[in-house]
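Reading through the structure tokens given below for one structure.
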Amino acid sequence: ELFYRRLFQIDTRTRELFAATDMFVQRKKLLQTLGFAISGLDNLDVLLSTVEDLGRRHAHYGVTDAHYDSVGAALLWTLEQGLGRAWTPQVEEAWAEVYGLISAVMRGAAERERVTSQAVPA
């Protein structure tokens, strides 16, 4: 809840992306995705393939590049709140790096999806 509250404060436009969403289910999906990302760091091929799928799906939801920036800011803020004194500069750097990797892969897949879906068959 803290994450989504912060996200909607940072970028009010994101609220409309969740207008028809069961937020309880959405929060569970977010936690599952974060868990998958953390556990997948040891197997980047599988992680990146899954993240690309996620990026393609998010393109259809109307997610833009700016949204990824807002999500990153909200995620790091939420982690800082939750971890308290355990939120060190090293922890922040590690999370920022992981989110940077994931969001870059998702953005790339989303852009390719947009281009592909806009292409008109000859």
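Kindly check whether there is at least one residue in region 79-95 that is closer than 17 Å to residue 32 by Cβ, open to solvent by less than 30 Å² (accessible area, probe 1.4 Å) and part of a helix (DSSP H, G or I). No: region 79-95 contains no residue that is closer than 17 Å to residue 32 by Cβ, open to solvent by less than 30 Å² (accessible area, probe 1.4 Å) and part of a helix (DSSP H, G or I). When 59, 74, 110, 66 are checked against the criterion of being touching a Lys or Arg at 6+ places or on another chain (Cβ under 9 Å), under 17 Å from residue 31 (Cα atoms), of a type in the set (Gly, Ala, Ser) and open to solvent by less than 50 Å² (accessible area, probe 1.4 Å), 74 stands alone in meeting it. On the stretch given as region 15-37, residues that are hydrophobic (A, V, I, L, M, F, W, C), open to solvent by 90 Å² or more (accessible area, probe 1.4 Å) and either at positive phi or under 15 Å from the mean Cα position of the chain (by Cα) (or both) total 1. Restricting 83, 101 to residues that are modelled with pLDDT under 95 and within 23 Å of residue 4 (Cα to Cα) narrows the list to 101. The condition of being in a helix (DSSP H, G or I), closer than 14 Å to residue 102 by Cα and modelled with pLDDT of 95 or more holds for only one of 72, 35, that being 72.
Among the residues of region 60-69, those identified as in a helix (DSSP H, G or I) and within 12 Å of the chain's Cα centre (by Cα) are 65, 66, 67, 68, 69.
Pairing each residue of region 49-64 that is of a type in the set (Phe, Trp, Tyr) with any residue that is open to solvent by less than 60 Å² (accessible area, probe 1.4 Å) and part of a helix (DSSP H, G or I), provided the two are 6+ apart or on different chains, yields C-beta distances under 7 Å for 61/17.
The values are calculated or read from the model by the stated rules, or taken from the named source; none is laboratory data. None of the values given here were measured: they were computed from a predicted structure. Here Cβ is always computed from backbone atoms with ideal geometry, including for glycine, and neighbour counts include all displayed protein chains. The area values use the complete protein model at the heavy-atom level, side chains included, leaving out ligands, DNA and RNA. Shrake-Rupley method; radii C 1.70, N 1.55, O 1.52, S 1.80 Å.
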